[in-house]
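Novice: Below is the structure I would like to discuss, written out as structure tokens.
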């Protein structure tokens, strides 16, 4: 798939690299997750982001979060978050957990978007569920998606599976994704390549950057 990539048909997705998942005092930290593992891919993502910008690729950032009145928070998700020890909407060091507009909901400084890069706010795990991402990609003629972010087994995997069902060619960057659970990270990546690439293909950030640098 690397050889088929062209800058006009390809987009880089940075999934949920926000303070609530990647900074002390955010939702993940309050839930007892290892945020150092979640921060591990930042350097690879920074290199990819720089290469994508140089190559003129569409870059899309996503953020998971909910309305301040929690009207878009399903009961099952509310209950699940309570069991995790970090109820959505409760106060934390960076404001209410996973609430739009709060400091914790913002993207981390290391991967801050530029003005031309869309930011998709999503209430669920897939970046396609209840958002305008599909419309945005269709209007740009995008058919290839480069997928990065956190967590590998939840929002990255959910977005990947939705994208494949919608007919996108997907390339997941193994060292630009992360999970607080190494076994789940490895399993989620392993599932991509079964049955001839049922969920697309895997590559490393170095391989992808080398391909980007060869774009005309």
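Novice: Of the conditions (1) over 30 Å from residue 215 (Cα atoms); (2) loosely packed, with under 15 Cβ neighbours inside 10 Å, residue 56 clears all except one; give me its number.
Specialist: (1)
Novice: To continue, here is another question. Can you find, within region 74-91, the residue that is surrounded by the fewest Cβ atoms within 10 Å (Cβ to Cβ) among those that are in contact with a helix residue (DSSP H, G or I) (Cβ under 9 Å, 6 or more places away or on another chain) and under 17 Å from residue 104 (Cα atoms)?
Specialist: 85
Novice: Scan region 190-208 for residues that are part of a helix (DSSP H, G or I) and surrounded by fewer than 20 Cβ atoms within 10 Å (Cβ to Cβ) and report the count.
Specialist: 8
Novice: Could you list, in sequence order, all residues of region 119-140 that are out of contact with any strand residue (DSSP E or B) (no Cβ under 9 Å at 6 or more places or on another chain) and touching a residue at least 12 places away in the same chain (Cβ under 8 Å)?
Specialist: 126, 134
Novice: Further question: Tell me, yes or no, whether region 102-116 has at least one residue that is assigned to a strand (DSSP E or B) and buried (at least 18 other Cβ atoms within 10 Å of the Cβ).
Specialist: yes
Novice: Only residues that are out of contact with any helix residue (DSSP H, G or I) (no Cβ under 6 Å at 6 or more places or on another chain), more than 16 Å from residue 120 (Cα to Cα), in contact (Cβ under 8 Å) with a residue 60 or more places away in the chain and surrounded by fewer than 24 Cβ atoms within 10 Å (Cβ to Cβ): list them for region 143-180, please.
Specialist: Result: 143, 144, 169.
Quick note: the coordinates plus some simple rules give every number you see, no bench work behind them. Keep in mind that what you see is a predicted model, and the values were worked out from it rather than measured. Virtual Cβ from ideal backbone geometry, glycine too; neighbours counted across all protein chains shown.
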